[in-house]
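This report concerns only the one structure given below.
The values are calculated or read from the model by the stated rules, or taken from the named source; none is laboratory data. The structure presented is a predicted model; accordingly, all values stated were derived computationally and were not measured. Don't worry about glycine lacking a Cβ; one is built from the backbone with ideal geometry, like all the others, and counts go over all protein chains shown. In case anyone asks, the SASA skips ligands and DNA or RNA and just uses the protein heavy atoms, side chains included. Shrake-Rupley method; radii C 1.70, N 1.55, O 1.52, S 1.80 Å.
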Amino acid sequence: AALKKYQFDVKVSNVSRLCHAKQMLTVNGGFPGPTIYAREGDRVQINVTNYAQYNLSIHWHGLKQHRNGWADGPAYITQCPIQTGNSYVYDFNVTGQRGTLWWHAHILWLRATVYGAIVILPEQGTPFPFPQPDREEVLVLGEWWNADVEQVEKQGNALGIPPNMSDAHTINGKPGPLFPCSEKHTFAMEVEKGKTYLLRIVNAALNDELFFALANHTFTVVEIDAVYTKPFTTEAILIAPGQTTNVLVRANQVPGRYFMAARAFMDAPISVDNKTATAIFQYKGIPETVLPKLPTLPAQNDSDFALSYGSKLKSLNTPKYPANVPLNVDRHLLFTVGLGINPCPTCINGTRLTASLNNISFTMPHTALLQSHYFNIKGVYTPDFPDKPPTPFNFTGAPLTANLRTNLGTRISKIAFNSTIELVIQDTNLLSVESHPFHLHGYNFFVVGTGLGNFDPKKDPAKYNLIDPIERNTVGVPTGGWTAIRFIADNPGVWFFHCHLELHTGWGLKTAFLVEDGPGSDHNILPPPKDLPRC
Ligand code: C2O
């Protein structure tokens, strides 16, 4: 095991895309920021220095941070933000995980530009459980906004004013040649006929689930969210904000130039899609004058593709990489996704949209929850988040008014150490033009079931996959449907749980799990580092 050290300077840089030059936050001037490379078992220290005008924090998405929530990063959940001019060292071990993850700012909408990939290689001498690629490439999908993203965020919170959507999707920060002034902002990877490539794909977009494909070539999916999967071949992948997917691709077509493309998936498209990002899969020796070929992507609202793609994702489940699915559940939780309208004196027209879980829209506290828990500071949160929605109703059929009664609160769910939790996330008839990618910090979970309509606790569990369900850290809850996940609460701390669409997170579609300490000193939260930022 090695110690890997990084210096991250968060600062304003000049970046131009789509004929617009603007100042935006970057890490070390890059868009995306640097890729972190580590091996399973390494210790990583990232010194983040904040030269921005915003106080901020950075999250290492998908790293489990065992007993070490201090390094997790969501502002006001596990730490106070790093103030302008200050630094904080995120210090953590990478244990029991290998694959592609990513990092991003975790406050306001700053992650729009402050993000990058994390590559965790298997331990030295341990091969991948799939054919060894000749080379690998990181592809981070994102969005470009001509406008200032913080202005867009303010609009997003005001009712009646639809937020500006981004102006283009991007692949490694570049929109590709289909946009004006973008010839020079096109990502290309050079390949050789007959060789195999491992693509490490990250969806860092703020608000869009994405289809991704490569013209004339197929992908073999081998890993998602840093967990190996049963390999399967597909023409396109679907990837939600927060998720990562590794695929193998063989350069086995007529040497030429082929487009890779990323386009939004929306169950009910609210706008015409004109944001498709492209990058080039460039066979060696082919002149750049040859016009690339576009892939066929699923239609923008192809929910059937989404469902069938999801059903193909399975854990590898071999003796070396077993799927340890919890079979007995200690506590059943049911969270419904709702939308409300609440008064907002500071908003443009006096009201704002609120999104809720079990009719509770989460209010950000003024100091971090993990410190409050650890140091026993009272009055910051209440550990009384309900296990079920307040009144049962027909979730997917009820009239719009059935769950508009949104309450505000910093309410979190208290979980006993080592208990097995089953959480069913139920979409409702509200806020349902797209699926909600829910992300749990500090854990992976198994996705044991999913379906359309109302979850039926009598019938649906009989259909669960308890053998080789996919294990991951971010899962889509389908429009008008539900998803059931299971995990064992063996990581004490305070762990954020939220929709990874930034618009919805901002509206309050989030809560946290307070996992209590276990018996004995090895099952407690580690002491906080000396440089932990204070509020
Ligand atoms: Cu990728 Cu709470 O975040």
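With loop membership from DSSP and a limit of 14 other Cβ atoms within 10 Å, the longest segment of the chain without chymotrypsin sites (Phe, Trp or Tyr not before Pro) is 52-374.
For segment 259-399, rounded, prolate or oblate, judged on the Cα gyration tensor with a ≥ b ≥ c (square roots of eigenvalues), a/c < 1.5 rounded, else prolate if a/b > b/c? Here segment 259-399 falls in the prolate category.
In this structure segment 35-176 gives 31 Å² per residue of accessible area when probed at 1.4 Å with all protein chains present. Give the carbon-plus-sulfur fraction of the accessible surface of the chain in %, rounded to a whole number; probe 1.4 Å, heavy atoms of protein chains only. Ligands and nucleic acids excluded, carbon and sulfur give 54 percent.
So for segment 303-359, considering every pair of alpha-carbon atoms, how many percent are separated by more than 15 Å?
Beyond 15 Å sits 75 percent of the P(r) for segment 303-359.
Structure note, pairs Lys312/Lys458; Lys22/Lys275; Lys184/Lys312: Cα-Cα distances above 30 angstrom occur for Lys184/Lys312. Over segment 38-104, consider all pairs of different Cα atoms and compute the Kirkwood hydrodynamic radius from their mean reciprocal separation; express it in Å, one decimal. One decimal place: 12.4 Å for the Kirkwood radius. Taking only the Cα atoms of segment 75-167, the ratio Rg/Rh comes out at 1.08, with Rh defined as the Kirkwood radius. Shown for the chain: cysteine residues without a partner Cβ closer than 4.7 Å, namely Cys499. Solvent-accessible surface (1.4 Å probe) assigned to Val475 amounts to roughly 10 Å². Rg and Dmax of the chain, based on Cα coordinates, read 22.1, 66 Å. Calculate how steeply helix 303-312 sits against the longest principal axis of the alpha-carbon atoms of the chain, using the helix alpha-carbon long axis, and give the answer as 0 to 90 degrees to the nearest 10. It is inclined by approximately 90 degrees.
Once you reduce segment 255-317 and segment 322-368 to the center of their Cα atoms, the two points are 32 Å from each other. For the pair segment 28-101 and segment 124-152, the centres of their Cα atoms are 17 angstrom apart. Spherically averaged projected area of the convex hull of Cα atoms, segment 389-535: 10.9 nm². Each pair of Cα atoms in segment 238-311 enters the Kirkwood radius, and Stokes-Einstein at 37 °C and 0.692 mPa s then converts it into a translational diffusion coefficient of 226 µm²/s.
What is the pair-distance distribution P(r) of segment 102-226, computed from all Cα-Cα distances in 10 Å bins starting at 0, with each bin given as a whole percent? Taking all Cα pairs of segment 102-226, the binned fractions are 10, 35, 32, 16, 6, 1 percent. Taking 0.36 nm per residue of separation and subtracting the Cα-Cα distance, full extension of the segment from Thr289 to Ala21 would add 93.7 nm.
In terms of its alpha-carbon gyration tensor, segment 168-301 comes out oblate; a/c meets the 1.5 threshold, while b/c is at least as large as a/b. Listed by chain and number, the aspartates and glutamates whose alpha-carbon sits under 13 Å from that of Lys230, ignoring those within fewer than 8 places in the same chain, are Asp468, Glu471. Summary value for the chain: 15 percent relative contact order, contacts being C-alpha pairs under 8 angstrom separated by 6+ residues.
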